[in-house]
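Only one structure is covered here, and it is reproduced in the block below.
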Amino acid sequence: KNMAGFTFRKSLTGAGEAAHLDIIGANSVVFQVGDLIRINTSGFASLATAGDLILGVVAGVVDKNEVSTDPDSATLDTYTMASDNQTVAQKKVQYIPALQEYLFYNDADDTLSQTNLFQYFPINDENDVDGSNPSDATVNTVRLIEIDPDGDGDASKGLFQIVESFWAQ
């Protein structure tokens, strides 16, 4: 049910479906469904790193005519952009925008506890919450809203709000 990275789980407004937008992928970048992305200085989708404003979460890739494309060979959810994607193929990353009302599932790299609720966490990379560095005071990439959303006793799993969002600025 859950793949790597971030998965849209619910909206604080009660709306059932997440919005999907498209942006041309930067040259030679490898995107995986569930990755957090940013806009690079040239205006193309790139992978997020700690401290970036988050544009959204990768949902898939389409060609310039909005037709779904197949993932890389031997993968189910990974897409490598050509070295000239920005100018030639212009494949677009489909993403769910990092809206404040959206909650995303993530299996963090550390155990989360009740005291971590509503604390801020950084990310280690584009698909991993750094569960070992919570803060009440310092705003960071995501905020923990719910622990163990699947009810399976796995306390590293949580629902997170993307706080440092391009859409919140």
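Residues of region 101-130 that are assigned to a loop (DSSP other than H, G, I, E, B) and either of a type in the set (A, V, I, L, M, F, W, C) or under 17 Å from Gly34 (Cα atoms) (or both): Ala108, Asp109, Leu112, Leu117, Phe118, Pro122, Glu126, Asn127, Asp130. Consider region 6-42 and keep the residues that are more than 21 Å from Asp128 (Cβ to Cβ) and aliphatic (A, V, I, L, M). The one that is modelled with the lowest pLDDT is Ala15. Among the residues of region 25-80, the one identified as basic (Lys, Arg) and not in a loop (DSSP other than H, G, I, E, B) is Arg38. Report yes if Asp77 is at pLDDT below 95 and either open to solvent by less than 60 Å² (accessible area, probe 1.4 Å) or in contact with a helix residue (DSSP H, G or I) (Cβ under 9 Å, 6 or more places away or on another chain) (or both), otherwise no. Answer is no for this residue. Scanning region 21-44 for residues that are within 19 Å of Asn65 (Cα to Cα), in contact with a Ser or Thr (Cβ under 8 Å, 6 or more places away or on another chain) and open to solvent by 30 Å² or more (accessible area, probe 1.4 Å) yields a single hit, Asn27. Checking each residue of region 117-138 against the condition of being crowded, with 16+ Cβ neighbours inside 10 Å, touching a Gly at 6+ places or on another chain (Cβ under 6 Å) and either basic (Lys, Arg) or within 21 Å of Thr7 (Cα to Cα) (or both) gives at least one match. Residues that are polar (S, T, N, Q) and out of contact with any Lys or Arg (no Cβ under 9 Å at 6 or more places or on another chain) within region 1-41 comprise Ser11, Thr13, Asn27, Ser28, Gln32, Asn40, Thr41, listed in sequence order.
Among the residues of region 155-169, the ones that are assigned to a loop (DSSP other than H, G, I, E, B) and at pLDDT 95 or above come to 3 in all.
The values are calculated or read from the model by the stated rules, or taken from the named source; none is laboratory data. Keep in mind the model is a prediction, meaning the values are calculated, not measured. All Cβ positions, even for glycine, are placed from backbone atoms using ideal geometry, and neighbour counts span all protein chains on display. Accessible surface is based on the protein model in full, side chains and every heavy atom, while ligands, DNA and RNA are left aside. Shrake-Rupley method; radii C 1.70, N 1.55, O 1.52, S 1.80 Å.
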